[in-house]
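The values are calculated or read from the model by the stated rules, or taken from the named source; none is laboratory data. Since the structure is predicted, the reported quantities are computational estimates derived from the model, not experimental observations. Every residue, glycine as well, gets a Cβ built from its backbone with ideal geometry; the counts of neighbours run over all protein chains shown. The protein model used for the area step is the full one, side chains on, heavy atoms only, and it has no ligands, DNA or RNA in it. Shrake-Rupley method; radii C 1.70, N 1.55, O 1.52, S 1.80 Å.
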Amino acid sequence: MSTIVEINSLYKSYGSFMVLNNLSLKFETNKIIGLLGPNGCGKTTLMKILCGLITDYYGDVRIDGQAPGPYTKSIVSYLPEKTYLSDWMRVSDAFDIFSDFYSDFDRAKACELLQRFHLNEHMKLKAMSKGMQEKVHLILAMSRSAKLYVLDEPLSGVDPASRSVILETIISNYNKDSTVLISTHLIYDVEQYFDDIVMMGFGQLIMAGNVDQIRQDTGKSIDEIFREVFRC
């Protein structure tokens with residue numbers, strides 16, 4: 001199995017606050033990977049580095065063998081935690097933008113996913129609830145044929161009834177030769193979907209590996225391990 005992401009001795013600080021401290025990781029292709037850790041531990045910063053949005057770091061980051069740049073941006077599909085589309089837009093406007101920017105954007109798939117979520121292209125974002133807007137953002141991200149999908153808290157603003165539908169959408173619509181990296185706090189709900197996990201604790205790696213192997217070695221679920229590690 002090939003490696004899609006390789007990180008060696010990664011450091012990133014904001015002033016005197018070290019967010020990522022000598023982080024080294026590898027992500028293999030055809031994996032769904034959970035990125036776990038408390039708020040402020042560096043998950044979003046790591047994701048933004050992988051997406052080429054943060055460049056002032058020290059260390060070596062390779063995606064499909066290349067440092068973050070124009071090529072890697074063309075093969076990484078990013079779902080940020082916060083909405084980024086303008087309120088005045090209709091869904092169709094967002095589809096137009098993605099069609100122009102990304103050659104791998106599949107508009108037919110996007111329309112199919114819209115129907116699944118009971119949305120339509122003519123809806124204005126400002127008329128949508130937060131949960132509906134987040135579904136549109138997810139549709140945009142998952143309608144690309146990317147090599148790496150980076151999804152930052154895709155379930156954070158979603159009601160419990162919609163979580164399984166969203167997870168099924170992620171699982172069934174990503175390119176099977178690619179990798180999905182998902183950050184989440186809802187470990188109990190989603191650990192069954194993960195092949196591997198990366199657990200971070202304030203800039204440093206706590207644990208990484210195959211989910212089944214970790215459960216076998218510890219006799220505990222990933223959620224139980226997380227609660228033990230970060231118990232206040």
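Shown here is the pair-distance distribution of the range 11-54: with all Cα-Cα distances grouped in 10 Å bins from zero up to the longest one, the shares run 23, 57, 18, 2 percent.
For the range 87-191, the calculated P(r), taken from all Cα-Cα distances in 10 Å bins from zero up to the bin holding the longest distance, is 14, 48, 33, 4 percent. Taking 0.692 mPa s as the viscosity and 37 °C as the temperature, the Stokes-Einstein diffusion coefficient of the range 151-211 based on its alpha-carbon Kirkwood radius rounds to 258 µm²/s. Principal axis extents of the C-alpha atoms in the range 1-108 (largest first, rounded to whole Å): 43, 35, 24. Normalised Debye scattering of the chain at q = 0.11, 0.14 Å⁻¹ gives log10 I(q)/I(0) of -0.56, -0.91, counting only Cα atoms as equal scatterers and leaving out solvent. If R0 is 30 Å, the Cβ-Cβ spacing of residue 161 and residue 22 corresponds to a FRET efficiency of close to 0.10.
Highest mean packing first, where packing is the average number of other Cβ atoms within 10 Å per residue, the peptides 144-153, 199-208 line up as 144-153, 199-208. The modelled label-to-label distance for the pair residue 88/residue 195, using points 7 Å beyond Cα in the direction of Cβ, is 4.4 nm. Estimated purely from DSSP H runs of n ≥ 4, each contributing -39500 (n - 2.57), the mean residue ellipticity at 222 nm for the chain is -10000 deg cm²/dmol once divided by its residues. Using a 1.4 Å probe on the protein chains only, how many percent of the accessible area of the chain belongs to carbon and sulfur? Its accessible area is 48 percent carbon and sulfur atoms. What number, in percent, do you get for the relative contact order of the chain if the mean sequence gap of Cα pairs under 8 Å and at least 6 apart is divided by its residue count? Result for the chain is 27 percent. Here r is the Cβ-Cβ distance between residue 202 and residue 103 and R0 is 25 Å; the resulting FRET efficiency, rounded to 0.05, is 0.05.
For residue 130 and residue 221 in one chain, what is 0.36 nm times their gap in residues minus the Cα-Cα distance, to one decimal in nm?
Details: separation 91, 0.36 × 91 = 32.76 nm, distance 3.12 nm.
Difference between extended and current length: 29.6 nm.
Which pairs, out of 147/220; 109/130; 43/109; 43/82, put more than 20 Å between their alpha-carbon atoms? With Cα atoms farther than 20 Å apart: 147/220; 109/130; 43/109. Of all aspartates and glutamates in the structure, the ones whose alpha carbon falls short of 18 Å from that of residue 48, not counting any fewer than 8 places away in one chain, are 6, 56, 60, 64, 81, 152, 153. Take the Cβ atoms of residue 186 and residue 53, set R0 to 25 Å, and the FRET efficiency comes out at 0.55.
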